[in-house]
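A short write-up of the structure that comes next.
The values are calculated or read from the model by the stated rules, or taken from the named source; none is laboratory data. Note that this is a predicted model, so its numbers are computed, not measured. Cβ placement follows ideal geometry from the backbone for every residue including glycine, while neighbour counts extend to all protein chains displayed. Surface areas here come from the heavy atoms of the whole protein model, side chains and all, with no ligands, DNA or RNA. Shrake-Rupley method; radii C 1.70, N 1.55, O 1.52, S 1.80 Å.
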Amino acid sequence: MELLKQRILQDGRCYPGGILKVDSFINHQMDPMLMYKIAEEFIRRFQDRKINKIVTIEASGIAPAIMVVYIMHLPVVFVKKKKPKTMENMLSTVVHSFTKDRDYTVCISNNFLTPEDHILFIDDFLAYGNAAMGMVELAEQSGAVIEGMGFIIEKAFQDGGNLLREKGIRVESLAIIDNLDDCKITVR
């Protein structure tokens, strides 16, 4: 997606350790028109799949997921990083956050993730694939089918995409970063 790639090069910032900040337009302050275009592109790429629900993980995946469901008229459910006291029929797994360098026990109610669901998972970043693999585990626990996973940005040098593709999951990333060596952003 050329518009996204140009925006990353223009407004993205790189920090040592493979960190790419896109907080001025994706995951802190958001550009709603760019987010709408991102949603349209996800829908175009997954139009051949039978999808009845969008799933994301809090918090940065919520905005693109909301735009996708707004256009597709589908429900969206987000995996929570903290168990609410009122959650019933909880499914859970442990996910390591690369950005925050900590483990989270993430959860979702199987009232909202069922064997009848054919889901599209949407998130902002794919790095090592920890959140995505957590989603795979939750889908397996619930019996839901993952029709695909869409990421705004994939860091190809951190191998999460390869891990998911080797599991047979259809992965679509709108911008792929090949490396951030010397804090220079290299977009594929």
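Need pairs with beta-carbon distance below 9 Å; first residue closer than 20 Å to TYR128 by Cβ and within the range 7-36, second assigned to a helix (DSSP H, G or I) and of a type in the set (S, T, N, Q); sequence gap 6+ or separate chains.
Filtered contacts from the range 7-36: GLY18/GLN158.
Restricting to the range 1-55, give me the number of residues that are open to solvent by 20 Å² or more (accessible area, probe 1.4 Å) and in contact with a Pro (Cβ under 6 Å, 6 or more places away or on another chain).
Taking the range 1-55 and keeping what is open to solvent by 20 Å² or more (accessible area, probe 1.4 Å), we get 1-3, 5-7, 9-11, 13-17, 19, 21, 23-24, 27-33, 36-37, 40-41, 43-45, 47-53.
Imposing the further condition that a residue be in contact with a Pro (Cβ under 6 Å, 6 or more places away or on another chain) reduces the set to 53.
Counting residues in the range 1-55 that are open to solvent by 20 Å² or more (accessible area, probe 1.4 Å) and in contact with a Pro (Cβ under 6 Å, 6 or more places away or on another chain) gives 1.
Those residues that are under 14 Å from ALA127 (Cα atoms), of a type outside the set (D, E, K, R) and either open to solvent by 50 Å² or more (accessible area, probe 1.4 Å) or not in a helix (DSSP H, G or I) (or both), I need them from the range 164-188; list them, please. Let's see the steps before the verdict.
Taking the range 164-188 and keeping what is under 14 Å from ALA127 (Cα atoms), we get 164-165, 171-180.
Among the residues that remain, those that are also of a type outside the set (D, E, K, R) are: 164, 171, 173-177, 179-180.
Selection gives VAL171, SER173, LEU174, ALA175, ILE176, ILE177, ASN179, LEU180.
Scan the range 144-163 for residues that are open to solvent by less than 30 Å² (accessible area, probe 1.4 Å), in a strand (DSSP E or B) and touching a His at 6+ places or on another chain (Cβ under 8 Å) and report the count.
As a first pass, look at the range 144-163 and keep what is open to solvent by less than 30 Å² (accessible area, probe 1.4 Å): 144, 147-156, 158, 160-161.
Subsequent filtering for residues that are in a strand (DSSP E or B) retains 147-155.
Those left that are additionally touching a His at 6+ places or on another chain (Cβ under 8 Å): 147.
So the count comes out to 1.
Residues of the range 126-140 being part of a helix (DSSP H, G or I) and surrounded by 14 or more Cβ atoms within 10 Å (Cβ to Cβ), which ones? Walk me through it before giving the result.
First, the residues of the range 126-140 that are part of a helix (DSSP H, G or I): 130-140.
Those that are part of a helix (DSSP H, G or I) and surrounded by 14 or more Cβ atoms within 10 Å (Cβ to Cβ): ASN130, ALA131, ALA132, MET133, GLY134, MET135, VAL136, GLU137, LEU138, ALA139.
Inspect all residues belonging to the range 105-125 and state whether any of them is outside any loop (DSSP other than H, G, I, E, B), farther than 20 Å from ILE51 by Cα, in contact (Cβ under 8 Å) with a residue 12 or more places away in the chain and acidic (Asp, Glu).
Here is the first cut: in the range 105-125, the ones outside any loop (DSSP other than H, G, I, E, B) are 105-109, 118-125.
Checking the rest, the ones that are also farther than 20 Å from ILE51 by Cα come to 105-107, 125.
Cutting the leftovers down to in contact (Cβ under 8 Å) with a residue 12 or more places away in the chain gives us 105-107, 125.
Next cut, acidic (Asp, Glu) only: none.
Checked against the condition, which is being outside any loop (DSSP other than H, G, I, E, B), farther than 20 Å from ILE51 by Cα, in contact (Cβ under 8 Å) with a residue 12 or more places away in the chain and acidic (Asp, Glu), the range 105-125 yields no hits at all.
Can you name every residue in the range 74-107 that is at pLDDT below 85 and open to solvent by less than 90 Å² (accessible area, probe 1.4 Å)? Spell out how you get there, then give the answer.
Pass one, the range 74-107, residues at pLDDT below 85: 82-88, 97-101.
Correct list: PRO84, MET87, SER97, PHE98.
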